[in-house]
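*Asks:* Below: one structure in structure tokens.
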Amino acid sequence: MRAVGLAQPPALQKNIDMYRTHHCGELRIEHVGQEVTLSGWVQKSRDKGFMMWIDLRDRYGITQLIFSEEKSDAALFEKARELGREFVIQVKGVVIERSSKNPNLPTGDIEIEVSELSVLNPAKLPPFTIEDETDGGDDLRMKYRYLDLRRSPVQKNIVFRSQLALEVRKYLSGQDFVEVETPFLIKSTPEGARDFVVPSRMNPGQFYALPQSPQTFKQILMVSGLDRYFQIVKCFRDEDLRADRQPEFTQIDCEMAFVTQEDILNTFEGLTKHVFKTLKGIELPDFPRMFYDDAMRLYGSDKPDLRFGMQFTELNDLAKDKGFVVFDSAELVVGIVAEGQANYTRKQIDQLTDWVKRPQIGARGLVYVKYNEDGSFKSSVGKFFNDEALKGWADKMGAQPGDLMLILAGETDKTRKQLNELRLEMGRRMGLMKEGDFKPLWVLDFPLLEWDEEAERFHAMHHPFTSPKKDDISRMLDGDFETMKSLRADAYDLVINGAEIGGGSIRIHDRALQAKNFKLLGFTEEEAESQFGFLMGAFEYGAPPHGGIAFGFDRLCAVMNGQSSIRDFIAFPKNNQGRDMMIDAPAPVAPEQLDELRLELLPEE
Ligand code: ASP
């Protein structure tokens with residue numbers, strides 16, 4: 001595996017008048033005897049009275065400095081003693097072999113016997129320790145992000161990000177993609193979230209929207225004949241935030257003309273394999289593919305984590321109409337097998353039951369069946385189902401003696417979602433989500449439209465420009481309400497280890513079909529025209545068939561490094577309230593600025 005980031009610093013020009021002749025990660029045993037100059041931050045010092053050591057840190061590593069009463073001059077020794085954590089210093093000295101070596105540090109064989117020391121800038125005591133493991137809480141780290149960014153794990157992430165962007169650009173340019181910048185001050189693009197809006201001073205009462213994605217622009221670029229477009233681009237979505245969401249985030253946004261779904265899957269499977277190979281040294285095998293319907297049936301999720309099995313088994317035929325009212329009244333009875341867990345104690349089962357009953361999961365209860373090693377069964381529904389019946393369940397679910405079967409029942413969609421959560425939880429408890437194991441998957445043929453009971457309207461499952469599958473086009477143009485619910489989209493997601501990494505679709509490129517889709521989504525003709533007239537207009541001037549995909553760049557960084565939060569791969573992230581804690585934004589603006597924009601704030605309620 002190729003180490004990323006800190007391992008191979010470029011050699012510095014050796015000019016003794018410069019701040020440094022070497023980086024802090026560079027010196028080895030073969031440099032012993034050399035006179036060197038280093039600059040960096042004081043990570044920590046250890047003062048033994050007659051001897052003192054300082055760890056000097058920069059982006060490339062840590063080098064130990066040594067000062068001694070015996071060898072250093074007295075003024076130098078005193079000066080070293082006054083250094084505080086995070087002081088920026090420059091030292092000159094000789095590389096010597098350490099008497100006690102540190103095998104955990106690349107520079108651990110040597111230290112610098114310092115002869116000159118200058119303080120380039122003193123520092124206040126940092127509010128948290130600047131080490132790999134810090135004592136700083138999230139908000140503090142974000143407020144002092146410049147200090148947090150000094151920590152090696154965060155720096156490694158940022159360097160990784162830069163290298164990933166570079167490899168993406170190399171690969172896509174090699175495939176003839178052109179990087180095109182699209183504007184940030186635009187009109188709403190419907191990706192399903194709220195827009196951030198920007199008032200226009202020159203057009204009072206009018207607003208730009210920041211792009212939720214460059215979707216319409218990249219389609220227009222295909223109409224323009226650019227053929228293959230990409231952009232590593234910021235997108236803005238004003239939605240409620242979670243740990244893995246940011247109001248501004250980055251996509252690798254792509255579009256291709258004259259392609260089918262197959263071309264897109266192959267191209268971007270190629271890109272994904274390339275970045276795993278070059279940055280992680282991992283050769284991914286061809287990606288499996290799964291239809292959306294199967295993903296929901298077998299995993300209760302459109303982004304299953306395939307690092308482990310534990311597929312769902314539906315038990316309606318064996319469990320319903322046997323007198324157990326919970327099952328009899330349920331639309332779906334469905335279970336999973338936790339291999340080798342029949343020894344779960346009463347307490348563990350109760351805990352798990354409480355876990356699924358928490359409001360976040362929302363199950364009404366949990367049925368368990370222990371398939372004991374001796375072939376007998378113990379179950380919470382033993383009263384209704386004898387061993388023979390339970391053996392029938394075990395056979396259908398593929399359970400063996402020693403396994404634990406966990407079963408939920410209720411309304412189909414909800415129950416699948418709940419069992420998905422339980423499956424993931426069991427995966428975690430059983431240690432089945434192995435670090436360093438990467439399991440990509442294409443999920444295909446999402447529904448085109450999603451019926452919203454409350455609002456009594458359809459939403460686009462992907463976005464309004466997504467084409468139905470070819471075979472569904474005529475049904476879409478002529479079909480009734482029920483038909484609309486069953487339409488499939490030419491849409492696909494790339495999932496890795498249960499995280500959605502990318503999503504895209506083949507687009508509608510025909511004006512009439514696009515108009516029909518807007519109508520189904522509840523746009524009047526006038527609304528469709530005023531919002532997307534430019535796109536439908538472009539479709540009348542020779543639009544080629546086209547399609548594309550966008551990868552969540554921040555999330556790809558996190559997943560490739562086995563981390564769940566994208567925050568530490570973003571140099572200056574926002575917190576869960578959407579605030580930048582360092583610059584303290586958002587913030588009020590001056591009344592004059594509001595006047596200039598012809599805006600007035602409503603009094604607070
Ligand atoms: N614009 C879409 C998104 O942001 C991606 C695509 O369809 O290419 O999810």
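*Asks:* Just to be sure before I move on: is Leu210 away from the ligand (no atom under 15 Å from the Cβ) and either free of Cβ contacts under 8 Å to residues at least 40 places away in the same chain or charged (D, E, K, R) (or both) in the structure I sent?
*Replies:* On the way: away from the ligand (no atom under 15 Å from the Cβ): no; either free of Cβ contacts under 8 Å to residues at least 40 places away in the same chain or charged (D, E, K, R) (or both): yes.
The answer is no for Leu210.
*Asks:* Which members of segment 213-232 meet the condition of being of a type in the set (Val, Ile, Thr) and away from the ligand (no atom under 11 Å from the Cβ)?
*Replies:* If the condition is that a residue be of a type in the set (Val, Ile, Thr) and away from the ligand (no atom under 11 Å from the Cβ), then Ile220, Val223, Ile232 are the ones that fit.
*Asks:* Only one of these conditions is not met by Pro183: (1) closer than 30 Å to Gly548 by Cα; (2) free of Cβ contacts under 8 Å to residues at least 24 places away in the same chain. Which number is it?
*Replies:* Only one criterion in (1) closer than 30 Å to Gly548 by Cα; (2) free of Cβ contacts under 8 Å to residues at least 24 places away in the same chain is unmet by Pro183, namely (2).
*Asks:* Arg150 fails exactly one of the following numbered conditions: (1) within 13 Å of Asp568 (Cα to Cα); (2) in a helix (DSSP H, G or I). What is the number of that condition?
*Replies:* Unmet condition: (2).
*Asks:* If you take the residues of segment 331-378 that are in contact (Cβ under 8 Å) with a residue 40 or more places away in the chain and among the acidic types (Asp, Glu), which of them is surrounded by the fewest Cβ atoms within 10 Å (Cβ to Cβ)?
*Replies:* Applying the filter and picking the extreme gives Glu331.
*Asks:* Now, a different point. Considering only residues that are farther than 30 Å from Ala571 by Cα, crowded, with 17+ Cβ neighbours inside 10 Å and within 16 Å of the ligand (Cβ to nearest atom), which ones fall in segment 233-288?
*Replies:* Hits for segment 233-288 are Met256, Ala257, Val259, Gln261, Ile264, Leu265.
*Asks:* Residue check, Ala193 against (1) within 12 Å of the ligand (Cβ to nearest atom); (2) among the aliphatic types (A, V, I, L, M); (3) surrounded by 18 or more Cβ atoms within 10 Å (Cβ to Cβ), all met but one. Which one?
*Replies:* Exception for Ala193: condition (3).
*Asks:* Out of Lys156, Lys143, Lys187, Lys124, I need the residue that is at pLDDT below 95 and either of a type outside the set (Val, Ile, Thr) or within 30 Å of His462 (Cα to Cα) (or both). Which one?
*Replies:* From the options Lys156, Lys143, Lys187, Lys124, the qualifying one is Lys187.
*Asks:* Ok, one more. Does any residue of segment 369-376 turn out to be more than 28 Å from Leu520 (Cα to Cα), of a type in the set (Ser, Thr, Tyr) and part of a loop (DSSP other than H, G, I, E, B)? Even if it seems obvious, please write down each step before you answer.
*Replies:* Within segment 369-376, the first condition is being more than 28 Å from Leu520 (Cα to Cα), and the residues that meet it are 369-376.
Checking which are of a type in the set (Ser, Thr, Tyr) leaves us with 371, 376.
When the remaining residues are screened for being part of a loop (DSSP other than H, G, I, E, B), the result is 376.
Yes, there is a match, as at least one residue in segment 369-376 is more than 28 Å from Leu520 (Cα to Cα), of a type in the set (Ser, Thr, Tyr) and part of a loop (DSSP other than H, G, I, E, B).
*Asks:* So, one more: Filter segment 217-232 for residues that are hydroxyl-bearing (Ser, Thr, Tyr) and buried (at least 19 other Cβ atoms within 10 Å of the Cβ) and give the result. Give the derivation first.
*Replies:* If we filter segment 217-232 for residues that are hydroxyl-bearing (Ser, Thr, Tyr), which is where we start, we get 224, 229.
Within segment 217-232, just Tyr229 meets the criteria.
*Asks:* If we keep just the residues of segment 246-262 that are touching a residue at least 24 places away in the same chain (Cβ under 8 Å) and outside any strand (DSSP E or B), which is farthest from the chain's Cα centre (by Cα)? So that I can check it myself, show each step before the final result.
*Replies:* Going residue by residue through segment 246-262, those that are touching a residue at least 24 places away in the same chain (Cβ under 8 Å) are 246-261.
Next, from what is left, pick out any that are outside any strand (DSSP E or B): 246-247, 258-261.
Working: Gln246: 10, Pro247: 13, Phe258: 30, Val259: 28, Thr260: 27, Gln261: 24 Å.
Result: Phe258.
*Asks:* Which residue, of Asp305, Asp321, Asp354, is of a type in the set (Asp, Glu) and at pLDDT below 95?
*Replies:* Asp321
*Asks:* Among the residues of segment 568-586, which ones are over 17 Å from Asp238 (Cβ atoms) and touching a strand residue (DSSP E or B) at 6+ places or on another chain (Cβ under 7 Å)?
*Replies:* Phe572
*Asks:* For Gly537, state whether it is small (Gly, Ala, Ser) and in a strand (DSSP E or B).
*Replies:* Taking the combined requirement at face value, the residue does not satisfy it.
*Asks:* Exactly one condition in (1) within 33 Å of the chain's Cα centre (by Cα); (2) assigned to a helix (DSSP H, G or I) is not met by Lys516; state its number.
*Replies:* Only one criterion is unmet by Lys516, namely (1).
*Asks:* Looking only at residues in segment 441-469 that are aliphatic (A, V, I, L, M) and away from the ligand (no atom under 15 Å from the Cβ), which one is farthest from Leu521 (Cα to Cα)?
*Replies:* Let us first name the residues in segment 441-469 that are aliphatic (A, V, I, L, M), namely 441, 443-444, 448-449, 455, 460-461.
Imposing the further condition that a residue be away from the ligand (no atom under 15 Å from the Cβ) reduces the set to 441, 449, 455.
On the way: Leu441: 30, Leu449: 8, Ala455: 12 Å.
My answer is Leu441.
*Asks:* Please enumerate the residues belonging to segment 497-530 that are under 19 Å from Lys187 (Cβ atoms), crowded, with 18+ Cβ neighbours inside 10 Å and of a type in the set (S, T, N, Q).
*Replies:* Hits for segment 497-530 are Gln514, Asn517.
*Asks:* Taking segment 67-86 on its own, how many of its residues are without any contact (Cβ under 8 Å) to a residue 60 or more places away in the chain and surrounded by 19 or more Cβ atoms within 10 Å (Cβ to Cβ)?
*Replies:* Total meeting the criteria: 5.
*Asks:* To continue, here is another question. Might you let me know whether segment 521-529 holds any residue that is touching a strand residue (DSSP E or B) at 6+ places or on another chain (Cβ under 7 Å) and within 16 Å of the ligand (Cβ to nearest atom)?
*Replies:* The answer is yes, given that some residue of segment 521-529 is touching a strand residue (DSSP E or B) at 6+ places or on another chain (Cβ under 7 Å) and within 16 Å of the ligand (Cβ to nearest atom).
*Asks:* Here is a follow-up. Collect the residues in segment 61-101 that are within 18 Å of Lys44 (Cβ to Cβ), of a type in the set (A, V, I, L, M, F, W, C) and assigned to a strand (DSSP E or B), keeping them in residue-number order.
*Replies:* Ile62, Leu65, Ile66, Phe67, Val88, Ile89, Val91
*Asks:* Looking at Leu521, Leu535, which one is more than 15 Å from Ile473 (Cβ to Cβ), in contact with a Pro (Cβ under 9 Å, 6 or more places away or on another chain) and touching a residue at least 60 places away in the same chain (Cβ under 8 Å)?
*Replies:* Going through Leu521, Leu535 in turn, just one is more than 15 Å from Ile473 (Cβ to Cβ), in contact with a Pro (Cβ under 9 Å, 6 or more places away or on another chain) and touching a residue at least 60 places away in the same chain (Cβ under 8 Å): Leu521.
*Asks:* Moving on to the next point. Evaluate segment 377-388: report whether one residue or more is touching a strand residue (DSSP E or B) at 6+ places or on another chain (Cβ under 6 Å), assigned to a loop (DSSP other than H, G, I, E, B) and polar (S, T, N, Q).
*Replies:* Yes, that holds for at least one residue.
The values are calculated or read from the model by the stated rules, or taken from the named source; none is laboratory data. Everything numeric in this text was worked out from a predicted model, so none of it was measured. As a convention, Cβ positions derive from the backbone with ideal geometry for all residues, glycine included, and neighbour counts pool all protein chains shown.
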